[in-house]
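What follows is a single structure, written as structure tokens, with notes after it.
Laboratory data are not the source of any read-out in this text; all were calculated from the coordinates shown. Worth saying up front: this structure is predicted, and the values here are computed from it rather than measured. Every residue, glycine as well, gets a Cβ built from its backbone with ideal geometry; the counts of neighbours run over all protein chains shown.
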Amino acid sequence: MNFIDVSELNALSGRPEELIYDGERFYREQIEKAALSIYEQRVERPVVLISGPSGSGKTTTAARIQHILKEKGAATHTVSMDNYYLPMHENLAAMDENGNIDFESPLRLDIPLFRSHLEQLLDGGEITVPLFDFAAQQRREGMSLRCEKGDIVIIEGIHALNPLLTGDTDDSTSCVYVSVRTRICSSGEQLHPSKIRLMRRLMRDKLYRGRSLEETFEFFRSVERGEGLYIMPYKHRADYEIDTFIMYEPMVYRDILLPDLERSSREYTAYSDYADIEKFLRMLEPVDKRLVPENSLIREFIG
């Protein structure tokens, strides 16, 4: 676990280029180290499994690893496990203790199909990856994919390290776990890493999904329950753990989120569970989002 003090961040706010460079370098160096090792083991371990909780930056991490591998000359393909979801009406097994659909359950995926495809890729076979239309709740035919010798297939999804889906493949896959592992501190108080991930979801939901903060707060409760049941128990399988915290990111979110957080503090009855987000954001100096590099992980959440 890493720690960074609010005073340290604010001290660099007058030199935003330095702050941004240092923040991006911390993430980039982890990616480069993992990608180099994955490349060196590509023949023995042709499949890379990338998992992490909601808001961890899985999509960007997969893309950045793929970019480095391609630069080194490896033919690389990326598959999202989201395309293996089953339509809702075929999902009766994924129920919670109250008889409602458990949206975080791995049983929402077509496990036999996914396991079959994973085995075929490891054997050098050809598969047709489905394309799941979430709006229509229908599976459509997707792309054909073959893993030739020396190729690398990156599979990313919240359940990518769950052996219920991946089986006993530790000797032939590289496992990557991504999440925020840094705590922001001030005067003995700490902001839990999950609150950084929640900030990311608040940003993306506000700017691009039309959700209110309250809707995201409520949604995140079930997400955290699912993380505890279905994701965290398997992170020990990871060969590589990547801390996706970008140290200046809460300073970018500050002025975008604060007005809505202030309103929510008056209207949302469970706001006390999230009041620490507002408290820490108010301590931080802002950073203009226009300064964020185009390839930054932060762009996954601010566009």
For the chain, size of Cβ-based charge dipole, Lys and Arg +1, Asp and Glu -1, in debye
440 debye
Highest GNM mean-square fluctuation among Thr78, Thr128, Thr269, for the chain with Cα springs under 10 Å, belongs to Thr269
Please give the calculated 222 nm ellipticity per residue for the chain, where each DSSP H segment of at least 4 residues contributes -39500 (n - 2.57) and the sum is spread over every residue; nearest 500 deg cm²/dmol?
-12500 deg cm²/dmol
First measure r as the distance between the Cβ atoms of Phe26 and Arg115, then evaluate 1/(1 + (r/R0)^6) with R0 = 30 Å and state the FRET efficiency to the nearest 0.05.
0.25
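If contacts are Cα pairs under 8 angstrom and at least 6 residues apart, what is the relative contact order of the chain in percent?
On the way: 466 pairs, mean separation 81.1, N = 303.
RCO, the chain: 27 percent.
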Of the residues Arg140, Arg200, Arg108, which exhibits the maximal mean-square fluctuation in a Gaussian network model of the chain defined by a 10 Å Cα contact cut-off?
Arg140
Going by how many other Cβ atoms sit within 10 Å of their own, how do Met283, Met143, Met199, Met81 line up, fewest first?
Met143, Met283, Met81, Met199
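Please express the shape of segment 1-139 as an equivalent ellipsoid: the semi-axes are the square roots of 5 times the eigenvalues of the C-alpha gyration tensor, given largest first in whole angstrom. Working shown, then result.
Details: eigenvalues 241, 120, 31 Å².
Sorted largest first and rounded, they come to 35, 24, 12 Å.
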Within the chain, what's the longest run with no chymotrypsin sites (Phe, Trp or Tyr not before Pro) in a DSSP loop and at most 15 other beta-carbon atoms within 10 Å? Give the range, please.
135-303
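If exposed GluC sites (Glu not before Pro) are those in a DSSP loop with at most 11 other Cβ within 10 Å, what is the longest stretch of the chain that has none? Don't skip to the answer; put the middle values down first.
Details: sites that count: Glu44, Glu97, Glu141, Glu148, Glu294.
With a cap of 11 other Cβ atoms within 10 Å, the longest stretch comes to 149-293.
Based on other C-beta atoms within 10 Å, arrange Leu49, Leu107, Leu118 from fewest to most. Show your work: numbers first, answer last.
Working: Leu49 28, Leu107 17, Leu118 22.
The most exposed by this proxy come first: Leu107, Leu118, Leu49.
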Working out 0.36 nm times the residue gap between Gln41 and Leu229, then minus their Cα-Cα distance, what length gain in nm do you get to one decimal?
64.6 nm
Here the net charge surrounding Ser222, from other residues whose Cβ is less than 11 Å away from its Cβ (Lys, Arg +1; Asp, Glu -1), is -4
Order of His159, His236, His89, His117 - criterion: other Cβ atoms within 10 Å of each residue's Cβ, fewest first:
His89, His236, His117, His159
Dipole-positive endmost among Ser37, Pro193, Phe245 within the chain (Cβ charges, Cα centre)
Phe245
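If each residue of separation counts as 0.36 nm, what is the full-extension length gain between Lys279 and Asp260 once their alpha-carbon separation is subtracted? Display every interim value, and only then the final one.
Numbers: separation 19, 0.36 × 19 = 6.84 nm, distance 1.34 nm.
Using 0.36 nm per residue and subtracting the Cα-Cα distance, I get 5.5 nm.
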In the chain, taking the dipole from +1 charges on Lys and Arg beta carbons and -1 charges on Asp and Glu beta carbons about the Cα centre, the listed residue (Ala11, Tyr27, Tyr268) farthest towards the positive end is Ala11
Tell me the Kirkwood radius of the chain: reciprocal of the mean inverse pair distance over distinct alpha-carbon atoms, in Å.
20.4 Å
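If the only charges are +1 at each Lys and Arg Cβ and -1 at each Asp and Glu Cβ, what is the size of the charge dipole of segment 63-160 around the Cα centre, to the nearest 20 debye?
Details: 9 positive and 16 negative charges, 88 e Å.
Here segment 63-160 has a charge dipole of around 420 debye.
For segment 136-199, what does the alpha-carbon gyration tensor say about shape, rounded, prolate or oblate, given a ≥ b ≥ c as the root eigenvalues, a/c under 1.5 as rounded, and a/b over b/c as prolate? Walk me through the numbers before you get to the answer.
Numbers: a/c = 2.96, a/b = 1.93, b/c = 1.53.
Since a/c reaches 1.5 and a/b is larger than b/c, the shape of segment 136-199 is classed as prolate.
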